[in-house]
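The structure appears right after this line, and notes come after that.
The values are calculated or read from the model by the stated rules, or taken from the named source; none is laboratory data. Fair warning: this is a prediction, and the values are worked out from it, not measured in the lab. Reconstructed Cβ throughout: ideal geometry from the backbone, glycine too, with neighbour counts over all protein chains shown. The protein model used for the area step is the full one, side chains on, heavy atoms only, and it has no ligands, DNA or RNA in it. Shrake-Rupley method; radii C 1.70, N 1.55, O 1.52, S 1.80 Å.
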Amino acid sequence: MQSLRIVSLLPSATEIVCALGLESSLVGRSHECDFPHGVERLPVCTSPKVGGRDTREIHMSVSAILQHDISVYSVDGALLRELAPTHVITQVQCEVCAVSLKDVEAAIADWSGIAAPKIVALNPQSLDDVFDDMRHVGRALNVDAEPLITSMKSRMRPRIATIEWLEPLMTAGNWMPTLIDLAGAIDVLGKPGEHSPWITWDDLASADPDIIVVLPCGFTIDQTKRDWHYLASNPMWSSLRAVRNRKVFITDGNQYFNRPGPRLVESLEILREIIRGDRDAGIGWQRCDD
């Protein structure tokens, strides 16, 4: 089986290839590919034709070039041929922002005696398109992109489960799912505008959230700690993703969250602090290591 030899002519594509675990298969890059650290060792296959020191001058330079040329970039066809890539990754989204599909096709048009590379062209217009392009790259390179996409989505909008009562288990409904959405996360168990439902341990395990926020109705943090054994002693507790990753938080459900009044703003701020994950405690909340 032929080994992969990838030339990426797009900075975002270079990052995708590396995130998919194929950095060692890269053999060339564009002049703009500068991340992750180490890709600068690769041969540079492109160069800009654009001049100018500020936005106005750059715009004027681009406009002047496009009056008599089809591209504002040069692709080193001789170097590209020498590198003998199996795949070249480029884009069709913007012919000014990066090397385009037409640039690459022109650079390899006269190749003979050597197998032409497979061209993978990306064209993201939305965030979903970005994920689809990652899948496209993964399929072309025979790598599963779904773990990378899942990880990104979890970091962008982590999946949160709330526990409003410890024994038996209840998750928060009513206004809480909306607060979680405003905080930039996804409530995996509660539904906005519906009463807080009782749940089973199987429900919690099936949801397997990235973050668990414990906010028993009317309980302070100390009262919740007193009854913590109802959670920690359950055989399913230690298997939950949030528990394994130290993403379980105790909050003051009495002062926040469960009072539908002005301090729901503070409750939202607590959720945002928890999601950011840059410290272990704040006013009205703390991380639980149990």
Residue under evaluation Pro260, criteria (1) part of a loop (DSSP other than H, G, I, E, B); (2) in contact with a strand residue (DSSP E or B) (Cβ under 8 Å, 6 or more places away or on another chain); (3) touching a residue at least 60 places away in the same chain (Cβ under 8 Å); (4) not small (Gly, Ala, Ser), criterion not met: (2)
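Which strands (runs of 3 or more DSSP E) does segment 1-96 wholly contain that include 2 or more residues that are of a type in the set (Phe, Trp, Tyr), at pLDDT 80 or above and surrounded by fewer than 18 Cβ atoms within 10 Å (Cβ to Cβ)?
Those strands (runs of 3 or more DSSP E) do not exist here; none qualify.
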Pick from segment 103-129, criterion free of Cβ contacts under 8 Å to residues at least 24 places away in the same chain and either assigned to a helix (DSSP H, G or I) or of a type in the set (Phe, Trp, Tyr) (or both), ranking: farthest from Val143 (Cα to Cα): Glu105
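For Ser239, state whether it is modelled with pLDDT of 95 or more, within 28 Å of the chain's Cα centre (by Cα) and open to solvent by 40 Å² or more (accessible area, probe 1.4 Å). Before you say what the answer is, go through the steps one by one.
Values: modelled with pLDDT of 95 or more: yes; within 28 Å of the chain's Cα centre (by Cα): yes; open to solvent by 40 Å² or more (accessible area, probe 1.4 Å): yes.
In short, yes.
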How many residues of segment 160-180 are among the small types (Gly, Ala, Ser) and in a strand (DSSP E or B)? The answer is 1
Filtering segment 159-182 down to residues that are under 21 Å from Leu268 (Cβ atoms) and out of contact with any strand residue (DSSP E or B) (no Cβ under 8 Å at 6 or more places or on another chain) yields Gly173, Asn174, Trp175, Thr178, Leu179, Leu182
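Has segment 138-159 got any residue that is among the polar types (S, T, N, Q), open to solvent by less than 50 Å² (accessible area, probe 1.4 Å), without any contact (Cβ under 8 Å) to a residue 60 or more places away in the chain and outside any strand (DSSP E or B)?
If we filter segment 138-159 for residues that are among the polar types (S, T, N, Q), which is where we start, we get 142, 150-151, 154.
Now narrow it down to the ones that are open to solvent by less than 50 Å² (accessible area, probe 1.4 Å): 154.
Next, from what is left, pick out any that are without any contact (Cβ under 8 Å) to a residue 60 or more places away in the chain: 154.
Then drop every residue that is not outside any strand (DSSP E or B), which leaves 154.
So far as segment 138-159 goes, yes, one or more of its residues are among the polar types (S, T, N, Q), open to solvent by less than 50 Å² (accessible area, probe 1.4 Å), without any contact (Cβ under 8 Å) to a residue 60 or more places away in the chain and outside any strand (DSSP E or B).
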Which pairs do you get when a residue that is farther than 18 Å from His31 by Cβ, found in segment 50-65, comes within reach of a residue that is in a loop (DSSP other than H, G, I, E, B), reach meaning Cβ atoms under 7 angstrom, with the pair 6+ apart or on two chains? Met60/Gly52
Give me the pairs: first residue in segment 222-250 and closer than 12 Å to Ile212 by Cα, second residue among the polar types (S, T, N, Q), beta-carbon distance under 6 Å, and six or more apart or on different chains, which are they? Ile250/Thr224; Ile250/Gln286
